[in-house]
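Asks: Before we start, here is the structure in question, set down as structure tokens.
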Amino acid sequence: MRVIAGTARSLPLKTPEGLDIRPTTDRIKETLFNMLQWDIPGGVFVDLFSGSGGIGIEALSRGARKAYFVDNAQKAVSCIQENLRFTKLEDRAVVLRQDACSALGSIRENAVDIIFMDPPYENGEEKSVLSHLARMPYVTEDTILVAEAARDTDFSWVSELGFCITKDKQYRTNKHIFMKKSIQ
């Protein structure tokens with residue numbers, strides 16, 4: 001796994017050992033960031049269920065002003081911190097060792113530009129996280145929310161929480177669901 005583009009381009013990233021981590025492949029990460037490229041520079045990025053931190057580090061490398069990394073496993077947090085030091089991006093990063101829902105209350109921003117979540121597949125944590133995000137003042141009508149999930153995961157319920165799906169990008173075994181707050 002490596003950083004695809006930006007100031008840390010081509011630098012290899014470590015992944016935490018012994019955890020049930022499935023890092024987003026370089027090819028899928030490149031596709032994701034091609035879709036987000038115009039929204040990243042100067043923005044605030046949140047990487048929930050960070051694992052190695054590869055997604056948030058990619059955002060920082062491509063010009064995000066600040067990134068929050070959230071994971072509740074100490075091995076993951078240590079790996080994220082090591083990857084941030086190696087890529088020299090730690091000065092623009094906040095690493096939170098908390099579960100995703102608790103960490104959302106620790107984010108002190110007026111607005112967040114992009115929130116990415118990659119929870120363990122089949123656990124249904126997307127619903128809990130999105131219900132918390134629906135109440136966060138930094139989630140505006142301009143905030144882009146992206147969930148990585150197994151290809152067969154149903155997201156038809158997001159409208160009940162005040163979100164609408166703007167894009168559904170399918171891959172061989174998984175997908176990225178892009179959402180925004182519904183305009184009332």
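The values are calculated or read from the model by the stated rules, or taken from the named source; none is laboratory data. Keep in mind it's a predicted model, so treat the numbers as computed, not measured. In this analysis, Cβ positions are derived from the backbone assuming ideal geometry, glycine residues included, and neighbour counts consider all displayed protein chains.
Asks: How many residues does segment 111-126 hold that are under 15 Å from the mean Cα position of the chain (by Cα), of a type in the set (Asp, Glu) and in a loop (DSSP other than H, G, I, E, B)?
Replies: Residues in segment 111-126 being under 15 Å from the mean Cα position of the chain (by Cα), of a type in the set (Asp, Glu) and in a loop (DSSP other than H, G, I, E, B): 2 in total.
Asks: How many of the residues making up segment 136-178 are crowded, with 18+ Cβ neighbours inside 10 Å, under 16 Å from the mean Cα position of the chain (by Cα) and more than 18 Å from ILE28 (Cβ to Cβ)?
Replies: Residues in segment 136-178 being crowded, with 18+ Cβ neighbours inside 10 Å, under 16 Å from the mean Cα position of the chain (by Cα) and more than 18 Å from ILE28 (Cβ to Cβ): 2 in total.
Asks: Let me ask something additional. Given the criteria under 29 Å from ALA8 (Cα atoms) and in contact with a Cys (Cβ under 9 Å, 6 or more places away or on another chain), does MET117 qualify?
Replies: Answer is no for this residue.
Asks: Across segment 139-178, what is the number of residues that are touching a residue at least 40 places away in the same chain (Cβ under 8 Å) and either assigned to a loop (DSSP other than H, G, I, E, B) or among the aliphatic types (A, V, I, L, M) (or both)? Write out each step before concluding.
Replies: Taking segment 139-178 and keeping what is touching a residue at least 40 places away in the same chain (Cβ under 8 Å), we get 139-141, 144, 146, 148, 167, 169, 171, 174, 176, 178.
Now narrow it down to the ones that are either assigned to a loop (DSSP other than H, G, I, E, B) or among the aliphatic types (A, V, I, L, M) (or both): 139-141, 144, 146, 171.
Residues meeting the conditions: 6.
Asks: Might you let me know whether segment 40-52 holds any residue that is surrounded by fewer than 21 Cβ atoms within 10 Å (Cβ to Cβ), of a type outside the set (A, V, I, L, M), farther than 14 Å from GLU109 by Cβ and out of contact with any Cys (no Cβ under 6 Å at 6 or more places or on another chain)?
Replies: Yes - at least one qualifying residue is present in segment 40-52.
Asks: Yes or no: VAL129 at pLDDT 95 or above, part of a loop (DSSP other than H, G, I, E, B), surrounded by 15 or more Cβ atoms within 10 Å (Cβ to Cβ) and of a type in the set (Val, Ile, Thr)?
Replies: no
Asks: Assuming ASN72 fulfils every condition listed in (1) free of Cβ contacts under 8 Å to residues at least 60 places away in the same chain; (2) under 19 Å from ILE4 (Cα atoms); (3) surrounded by fewer than 19 Cβ atoms within 10 Å (Cβ to Cβ) apart from one, which condition is it?
Replies: All conditions pass for ASN72, except number (2).
Asks: In segment 86-96, is there at least one residue being at positive phi and touching a residue at least 60 places away in the same chain (Cβ under 8 Å)?
Replies: Yes, segment 86-96 contains at least one residue that is at positive phi and touching a residue at least 60 places away in the same chain (Cβ under 8 Å).
Asks: Consider GLU122 against the criteria (1) loosely packed, with under 15 Cβ neighbours inside 10 Å; (2) modelled with pLDDT of 95 or more; (3) touching a strand residue (DSSP E or B) at 6+ places or on another chain (Cβ under 9 Å): it satisfies all of them except one. Which criterion is unmet?
Replies: Every listed condition holds for GLU122 apart from (2).
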